[in-house]
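Worksheet: the structure to be examined is printed underneath.
Here, each number is a calculation from the coordinates, and none is a lab measurement. Because the structure is a prediction, the values reported are computed rather than measured. No Cβ is skipped: glycine too gets one built from the backbone with ideal geometry, and neighbour counts run over all protein chains shown.
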Amino acid sequence: MFYQHLRNERAISGKQEPEKEKGSHNGVCFRTACSNTGAIWYNHATDHYYCAGCAMTINEANYSDAMRIYGHDLCQRFETPRN
Ligand SMILES: [Zn+2]
């Protein structure tokens, strides 16, 4: 009971760690239908981050265009934020 009360107060005061913006580095995958976290695959076209699964799908679908435009895969893995 007591702990529940503390937890509620913290939620109300907004002191819990704020959720990262969708598509931010190491946050939630930018793909609308996806809610995977740990998104560290940067999409050079959308300027947002995706999970590994979505990045693979995007890379396969855009392989020839990405090679022509960027000279590499559309989504690339970045351990640290690019900006
Ligand atoms: Zn995803």
Open item on the list: Condition check: more than 14 Å from residue 82 (Cβ to Cβ) and within 10 Å of the ligand (Cβ to nearest atom). Does residue 56 satisfy that?
Closed with: yes
Task: Close pairs (8 angstrom Cβ cut-off, 6 or more residues apart or separate chains): closer than 13 Å to residue 76 by Cβ in the range 33-59, in a strand (DSSP E or B) and among the basic types (Lys, Arg) anywhere - done: 40/77; 41/77; 42/77; 52/77; 55/77
- [ ] Give just the number: which of (1) away from the ligand (no atom under 16 Å from the Cβ); (2) touching a Ser or Thr at 6+ places or on another chain (Cβ under 8 Å) does residue 69 not satisfy?
- [x] (2)
Open item on the list: Only one of 68, 77 is exposed (fewer than 13 other Cβ atoms within 10 Å of the Cβ), in contact (Cβ under 8 Å) with a residue 12 or more places away in the chain and not small (Gly, Ala, Ser). Can you tell me which?
Closed with: 77
